[in-house]
Each structure stands twice: as C-alpha cells, then as structure tokens.
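Q: My questions will all concern the structure given below.
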Amino acid sequence: MNLTEKKLSSRSVFSGKIFSVTVDEVELPDKSKSVRECVRHNGGAAVLLVIEGKIALVKQHRYLYGKDIYEIPAGKTEAGEEPLLAAMRECEEETGYRAECRHLLALYPSPGYTSEVIHIFTAHNARFVGQRTDEGEFLACKFFPVEEVVSMIERGEICDAKTVAAVYKYLYGNVARKA
C-alpha cells in the first residue's frame, strides 16, 4: 500500500531564527486533498556524557513549561552544520568537556508537525577544558549516577524525550539483539 502524500502547494507563514512554518496543501493516497501545518527545523544534536558511571545532565529553565528541567546537553544545528560537530560543540559549551562522539540514535521528537531530527551521540575520551555557555544561556551541569538518572526518569522527574531515549538506548539498546 502506498502511503505517500504529495505536496501540491506551500505557503510560508513564519520565518524565525530557530524554525519556519509553512502551510502545505497535499494530495493523499486516495487522491483527496488535505492541509499540513509544518514546522521546518534544521535539527539538533545532543550528547550523553558518562564519566565513571555518572551521567552529565544540565538543569535549565524552560520557559514554555514554566520550570527548570534536567536534560542531556543539546542544541540546534546551524544550517549546513554536521550533527557530529554540533554535538561536540554543545558538549564542550554546556559541560566543559571536550570529547570524541559516536552516533547513538536519531530521534524524531514530534513527526506529526515538525521536520526536526535530533541526533544523539555518546561522548568518549572526555577531558575537562572549561564550560563556556552561549550568550543568554543559563544552565547548571551536574553529574548523577546512572542508577539515579534511571530513577529520576521512572519517578517522572526527567520527562525530556531526548534524555529518556538516550539513557534507555545506552543502557538497553542491545537487549533485543541478545534475546
């Protein structure tokens, strides 16, 4: 069965620093028409930094949720920037650690309306060089034992999708292949 939707037209309704929004008319597989409101985003990169059994989490106020949340270091990729380079940059800026990174997974945070893909990496051979956050970025980095991070997720204290996915993929990613 062909499930492809064909774009018939597109109208830009917003263009900002982080994303743009279009309203697209599409043809559905049964030839009927529908509308898609699309958030166009360059994507992001995130890093799971584990040192001596402890995971680096950044605590940051998230305006839209009205509270401080813990999440793994992350940021948007600039236009044309490789996710690997963005991950290495974000790791250093937010944690102070310069590291080599390996791809862990790609995450579609909300495929119903956004093109954003977050590439999540694991950090290796990390060495401390000093934290240097972006202008206007306020956060605190803290290391938590892996078991405590899992408990924080299970208690609902960590709800950030990329953090939950990264931790579980890191811990249990090969379980199905071993079964």
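The values are calculated or read from the model by the stated rules, or taken from the named source; none is laboratory data. On a predicted model such as this, the values are computed, not experimentally measured, just so you know. Note: ideal-geometry Cβ built from the backbone for every residue, glycine included; neighbour counts use all protein chains shown. Calculation scope for accessible area: heavy atoms of the full protein, side chains included, ligands and nucleic acids excluded. Shrake-Rupley method; radii C 1.70, N 1.55, O 1.52, S 1.80 Å.
Q: If you keep only loop residues by DSSP, which GluC sites (Glu not before Pro) in region 81-114 have at most 15 other Cβ atoms within 10 Å of their Cβ?
A: On the way: sites: E81, E90, E92, E93, E94, E100; in loops: E81.
Here the sparse-neighbourhood loop sites are E81.
Q: So, with a 1.4 angstrom probe, what is the percent of accessible area on the chain that is carbon and sulfur?
A: Carbon and sulfur atoms account for 52 percent of the accessible area of the chain.
Q: Using a 1.4 Å probe on the protein heavy atoms only, what accessible surface does S115 show? Give it in Å² to the nearest 10.
A: About 60 Å², ignoring ligands and nucleic acids.
Q: Right, here's the next one. Could you compute Rg(Cα) / (2.2 N^0.38 Å) for the chain, with N its residue count?
A: 1.17
Q: Moving on. Give me the Å³ per residue figure for the convex hull around the C-alpha atoms of region 129-174.
A: So the per-residue Cα hull volume is 120 Å³.
Q: Give the shape of region 1-46 as rounded, prolate or oblate, defined through the alpha-carbon gyration tensor: a ≥ b ≥ c are the square roots of its eigenvalues, a/c under 1.5 means rounded, and otherwise the shape is prolate if a/b is larger than b/c and oblate if not.
A: oblate
Q: Over all directions, average the projected area of the Cα convex hull of region 1-101 and note it in nm².
A: Averaged projected hull area, Cα only: 10.0 nm².
Q: Could I ask something else about it? For region 75-135, what number results from the quotient of the Cα radius of gyration and 2.2 N^0.38 Å?
A: Against the empirical 2.2 N^0.38 Å value, I get 1.20 for region 75-135.
Q: Tell me the relative contact order for the chain as a rounded percent, counting alpha carbon contacts under 8 Å between residues six or more apart.
A: Once divided by the residue count of the chain, the mean separation gives 21 percent.
Q: Sticking with this structure for a sec: Cut-off under 24 Å on the C-alpha distance; same-chain residues fewer than 8 positions from K17 excluded. Which lysines are left, in chain and number order?
A: Output for K17: K59, K67, K76, K162.
Q: Amide H of G96 versus every other amide H placed in the peptide plane: which residues, excluding those fewer than 5 positions away on the same chain, fall under 5 Å?
A: Here R132 satisfy the definition.
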